[in-house]
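Just so it is clear, none of the values below were taken in a lab; they were calculated from the coordinates. Quick caveat: nothing in here was measured; it's all calculated off a predicted structure. Here the Cβ positions follow ideal geometry from the backbone for every residue, glycine too, while neighbour counts run over all protein chains shown.
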Amino acid sequence: MRNAVAAVALAVVLAGCSSGTQSGAPGSSSPGTAPTGTTAPGSSGTPGSSSGANPTAPAQPPVSISEEKPVIPPNVTPVAKEKVDTTSLSDTYRDEAYVFGDGRDVEVFGVGGGCKEARAEITGQSADVVQITLVTITKQPPGTMCTQEVRQVPLTVRLDAPLGDRRLVLESREETG
């Protein structure tokens, strides 16, 4: 009986800490809806393409991380380092971004893990600059314990127009939920 109680407790802790956390794995079953211009991995489309049902929704992130290095498919273009401004980000965040599809889909990396979820929001678009805010949401249900792991979470936003030569400014914000 003690083993059954321990197994149930472990399953509850693992489910509580992983529910809503976006793994970013292709085909991930953690769907999510996010504010306009953002998506959670696994929510729509296939890697490198937009969903035919909703042409304004960004595609699933095509870049994955293997042993802390990105794995970049052939149809994805890294944004030049000099075009990505990460001066307001801590070292916890990756300083890179990728463009794919028709040039309007941009992949960036937030941080998540334990009871932390990640999302990206387009907070500004002009002829010269696109501003994206990486949001980390801490959700700790009462009576649960969360691991303190932090991992990179690929997030995709869909711009109004292709990124092109515009500069990309990445910022961060933390919320509790």
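What are the ³J(HN,Hα) couplings of segment 137-151, residue after residue, when phi is run through the Karplus curve with 6.51, -1.76, 1.60 and θ = phi - 60°? Round to Hz, x for glycine and proline.
Listing the rounded values in order: 10, 9, 10, 10, x, x, x, 10, 10, 10, 6, 9, 4, 10, 9 Hz.
Can you compute the modelled spin-label distance between ASP165 and VAL150, with each label point 7 Å from Cα toward Cβ, in nm?
3.7 nm
Can you return the aspartates and glutamates within cross-link range of LYS83? Criterion is Cα-Cα under 15 Å, with same-chain partners fewer than 8 residues away left out.
In chain and number order, the partners are ASP95, GLU96, GLU107, ASP128, ASP165, GLU171.
Cross-link partners among lysines for LYS139, C-alpha distance below 18 Å, same-chain residues fewer than 8 apart left out?
In chain and number order, the partners are LYS116.
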